[in-house]
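Inspection log for the structure reproduced underneath, given as structure tokens.
The values are calculated or read from the model by the stated rules, or taken from the named source; none is laboratory data. Source: prediction; values computed, not measured. FYI the Cβ positions are ideal-geometry reconstructions off the backbone, even for glycines, and counts take in every protein chain you see.
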Amino acid sequence: MSVTVRVPAKVNVQLAVGAARPDGFHDLANVFLAVGLHDQVTVTPADELTVTCEGPDAEQVPLDRTNLAARAAIALAGRRGIEPAVHIHIVKDIPVAGGMAGGSADGAGALLACNELWRAGASRAELLAICADLGSDVPFSLVGGAALGTGRGERLTVLETGGTFQWVFAMAERGLSTPAVFREFDRLARGRDIPEPVASAQLLQALAKGDADALAAAVSNDLQPAALSLFPELADTLDAGRGAGALAALVSGSGPTTAFLARDPDAATKIADALRASGTCRTVRTATAPAPGATVTRRAAAR
């Protein structure tokens, strides 16, 4: 038998970052929105744990036990006292190293798939606890929709959304390391008082109403100056999207993918076309939000 799970990308419509903690992490107020770009993760019984990957930029994905999908299988197997003897195959469609939680999505997808394959019986709470151990963004990849992440982003409060939002994403010519962006945030913040991160009431209300204009007025990303410091060319991409009529333009998470909120599908198409013509990015994708979290889409007899 094999199990396939579909798992979404994310955009951070608010990323408020606190000062560095003694453990090196930062407290966050992180408003996640799952978007309709998906990876597929399929797990199949095997003699030993192996990982394969296909899709755009698949050659950048680690295929050893550092891969979050492999780590998820190992974590669940360890809790059940079994060997993580599975072949994990990842079909990538979420940008790699793009600030859209592609690796985290694969971890959540593999965890849910292994739980089904092994009939491990892990509860939602146990799966979320394993996700939190794997990484700050992994729990949201399991949950999807919209949520506020606090702590280092792993403690989730599900949020209501009152409509569908249209997004355009521009993928950059190279990646950005999330730890490097946080280090640059710390460098830029040196000597300043950094307030405690708090979710924006205006932004939460905009999500609940499904009001794109109000959401555009409230989006923010405290990591954006650090990402632009390390990758100044992203400013040209942001300008190109704004010039094409985007309601809002921001770096997605730690970058380098840039995200553009559009008023409607026609506006999204216009923005995407303008970004492609601008020469400031590698590829462009459109997607709607919110999207469901990790979902089992196929159970099949092993060949």
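Can you work out which of the residues in the range 108-131 that are surrounded by fewer than 24 Cβ atoms within 10 Å (Cβ to Cβ) and in contact with a strand residue (DSSP E or B) (Cβ under 8 Å, 6 or more places away or on another chain) is farthest from residue 197 (Cα to Cα)?
Checking each candidate, the answer is 117.
Taking strands (runs of 3 or more DSSP E) that do not extend beyond the range 127-244, which have at least 1 residues that are without any contact (Cβ under 8 Å) to a residue 12 or more places away in the chain?
On the way: elements: 146-150, 155-158, 165-171.
Here the list reads 155-158.
Quick test for you: out of 244, 272, 267, pick the one residue that is closer than 29 Å to residue 142 by Cα and outside the structural domain of residue 39 (by TED's automatic domain parsing). Let's see the steps before the verdict.
On the way: 244 fails: closer than 29 Å to residue 142 by Cα; 267 fails: closer than 29 Å to residue 142 by Cα.
That would be 272, the only listed residue that is closer than 29 Å to residue 142 by Cα and outside the structural domain of residue 39 (by TED's automatic domain parsing).
Would you check if there is a residue in the range 171-193 being among the basic types (Lys, Arg), assigned by TED's automatic domain parsing to the domain that holds residue 13 and either surrounded by fewer than 21 Cβ atoms within 10 Å (Cβ to Cβ) or over 30 Å from residue 21 (Cα atoms) (or both)? Explain how you work it out, then say what you get.
The initial filter retains those residues of the range 171-193 that are among the basic types (Lys, Arg), namely 174, 183, 187, 190, 192.
Adding the requirement that they be assigned by TED's automatic domain parsing to the domain that holds residue 13 leaves none.
So far as the range 171-193 goes, no, none of its residues is among the basic types (Lys, Arg), assigned by TED's automatic domain parsing to the domain that holds residue 13 and either surrounded by fewer than 21 Cβ atoms within 10 Å (Cβ to Cβ) or over 30 Å from residue 21 (Cα atoms) (or both).
Name the residues in the range 139-183 that are within 16 Å of the chain's Cα centre (by Cα) and at positive phi, would you?
Result: 144, 145, 153.
Scan the range 59-101 residue by residue and report those that are modelled with pLDDT of 95 or more, within 19 Å of the chain's Cα centre (by Cα) and assigned to a helix (DSSP H, G or I).
68, 69, 70, 71, 72, listed by residue number.
In contact with a strand residue (DSSP E or B) (Cβ under 7 Å, 6 or more places away or on another chain) and either at pLDDT 95 or above or not assigned by TED's automatic domain parsing to the domain that holds residue 137 (or both), is that true of residue 20? Spell out how you get there, then give the answer.
Numbers: in contact with a strand residue (DSSP E or B) (Cβ under 7 Å, 6 or more places away or on another chain): yes; either at pLDDT 95 or above or not assigned by TED's automatic domain parsing to the domain that holds residue 137 (or both): no.
Judged against the criteria, residue 20 is not a match.
Checking residue 291 against (1) surrounded by fewer than 23 Cβ atoms within 10 Å (Cβ to Cβ); (2) within 22 Å of the chain's Cα centre (by Cα); (3) more than 20 Å from residue 210 (Cβ to Cβ), which test does it fail?
(3)
Considering only residues of the range 1-48 that are part of a strand (DSSP E or B) and of a type in the set (D, E, K, R), which is surrounded by the most Cβ atoms within 10 Å (Cβ to Cβ)?
If we filter the range 1-48 for residues that are part of a strand (DSSP E or B), which is where we start, we get 2-20, 26-45.
Remaining after also requiring of a type in the set (D, E, K, R): 6, 10, 27, 39.
Working: 6: 21, 10: 31, 27: 18, 39: 28.
My answer is 10.
How many residues are without any contact (Cβ under 8 Å) to a residue 24 or more places away in the chain and either within 17 Å of residue 289 (Cα to Cα) or of a type in the set (Ser, Thr, Tyr) (or both) when one looks only at the range 261-277?
Going through the range 261-277 one residue at a time, the tally reaches 2.
Taking the range 68-91 as the search range and keeping residues that are of a type outside the set (Gly, Ala, Ser) and without any contact (Cβ under 8 Å) to a residue 40 or more places away in the chain, which one is surrounded by the most Cβ atoms within 10 Å (Cβ to Cβ)? Step through it out loud before you land on a result.
The initial filter retains those residues of the range 68-91 that are of a type outside the set (Gly, Ala, Ser), namely 68, 71, 74, 76, 79-80, 82-84, 86-91.
After this cut, where a residue has to be without any contact (Cβ under 8 Å) to a residue 40 or more places away in the chain as well, the list is 74, 82-84.
Numbers: 74: 17, 82: 12, 83: 13, 84: 23.
Within the range 68-91, the match that is surrounded by the most Cβ atoms within 10 Å (Cβ to Cβ) is 84.
Test each condition in (1) touching a residue at least 40 places away in the same chain (Cβ under 8 Å); (2) over 30 Å from residue 187 (Cβ atoms); (3) of a type outside the set (Ser, Thr, Tyr) for residue 51 and report the one that comes out false.
Among (1) touching a residue at least 40 places away in the same chain (Cβ under 8 Å); (2) over 30 Å from residue 187 (Cβ atoms); (3) of a type outside the set (Ser, Thr, Tyr), the lone unmet condition for residue 51 is (1).
Could you tell me which residue of the range 7-27 is farthest from residue 207 (Cα to Cα), considering only residues that are of a type in the set (D, E, K, R) and out of contact with any helix residue (DSSP H, G or I) (no Cβ under 9 Å at 6 or more places or on another chain)?
Kept after step one, since they are of a type in the set (D, E, K, R), are these residues of the range 7-27: 10, 21, 23, 27.
Okay, now just the ones that are also out of contact with any helix residue (DSSP H, G or I) (no Cβ under 9 Å at 6 or more places or on another chain), so 21, 23, 27.
Working: 21: 30, 23: 32, 27: 22 Å.
Checked the range 7-27; the qualifying residue farthest from residue 207 (Cα to Cα) is 23.
Given the residues 104, 136, which is the only one that is under 20 Å from the mean Cα position of the chain (by Cα), polar (S, T, N, Q) and either assigned by TED's automatic domain parsing to the domain that holds residue 175 or buried (at least 24 other Cβ atoms within 10 Å of the Cβ) (or both)?
On the way: 136 fails: either assigned by TED's automatic domain parsing to the domain that holds residue 175 or buried (at least 24 other Cβ atoms within 10 Å of the Cβ) (or both).
Selected residue: 104, the only one of 104, 136 that is under 20 Å from the mean Cα position of the chain (by Cα), polar (S, T, N, Q) and either assigned by TED's automatic domain parsing to the domain that holds residue 175 or buried (at least 24 other Cβ atoms within 10 Å of the Cβ) (or both).
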